[in-house]
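Take a look at the structure set out below.
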Amino acid sequence: MPPSTYPLRTPHHTASGPGAAVHPVEAIGTEQVVCLTFDDGPHPVHTPRLLDVLAAHDVRAVFFLQGDQAARHPALVRRIMAAGHTLGNHSMHHHDMSGWSAGRIASDLLETNAVIRQAVPYAPVPWFRAPYGAWGQSPTVATALGMRPMGWRLAVTDWEPPGTGELVRRLTEGVAPGAVVLLHDGGGDRSQTVDAVDRVIPALRAYDWRFVLPEIS
């Protein structure tokens, strides 16, 4: 989960040191589109509910899987993949990587991908997100391993549940063209997030917003 702050739009993240040239993706264009992303799962209760909601609205999202959770719930990893969602790597144990060496980061990301692929062999894992948005050298390492780092343009602090209605308000008022939206399906009680997603999709579609996946280059 990210730090306990409430950035509607996060500043542009850059890597430090050798990875300074690699910038996490925060937007996927300038059209009236939104990319929903979910961190810290899969969760045995909230992820299935979320998948049902997304299926009911015919929306695909990016799921940044935490390795230890994927190992506990491989059937949910398979369900996420079977539903047409995109998989992302969110590290094995959600540790702050900002001070890690490149070698340590690489070992963690490779272990996470291996766990994911135990559930879904040969599945593409094209994206990586650093826990807490604490990037350090991880963008460069992830890129070398064939993954693109993805940040976010809109966060609504759903890791500190403020109420479903408030989450809906933050989402509808904070959305911007092409925004990558940071949400969570794991790491705690995410029932408010699931309910907010169920409400906000039709609310935004009424104003011609579209929900899309990022292109994989």
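The values are calculated or read from the model by the stated rules, or taken from the named source; none is laboratory data. Computed from a predicted model, the values in this text were never measured in an experiment. Backbone-built Cβ (ideal geometry, glycine too); neighbour counts: all protein chains shown.
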Check your understanding: Would it be correct to say that Asp189 is under 18 Å from His46 (Cβ atoms), touching a residue at least 60 places away in the same chain (Cβ under 8 Å) and surrounded by fewer than 20 Cβ atoms within 10 Å (Cβ to Cβ)?
Key -> yes
Review point. Quick check, is Val181 surrounded by 15 or more Cβ atoms within 10 Å (Cβ to Cβ), within 21 Å of Gln66 (Cβ to Cβ) and either modelled with pLDDT of 95 or more or within 17 Å of the chain's Cα centre (by Cα) (or both)?
Key: yes
Review point. Considering region 131-148 alone, what residues qualify as being within 16 Å of Phe63 (Cβ to Cβ) and touching a helix residue (DSSP H, G or I) at 6+ places or on another chain (Cβ under 9 Å)?
Key: Met147, Arg148
Point to revise | Output for region 143-165, where each listed residue is within 13 Å of Arg190 (Cβ to Cβ), of a type outside the set (Asp, Glu) and crowded, with 23+ Cβ neighbours inside 10 Å | key: Val156
Exercise for review: Looking only at region 144-156, decide whether some residue is over 23 Å from Leu213 (Cα atoms) and not basic (Lys, Arg).
Suggested key: no
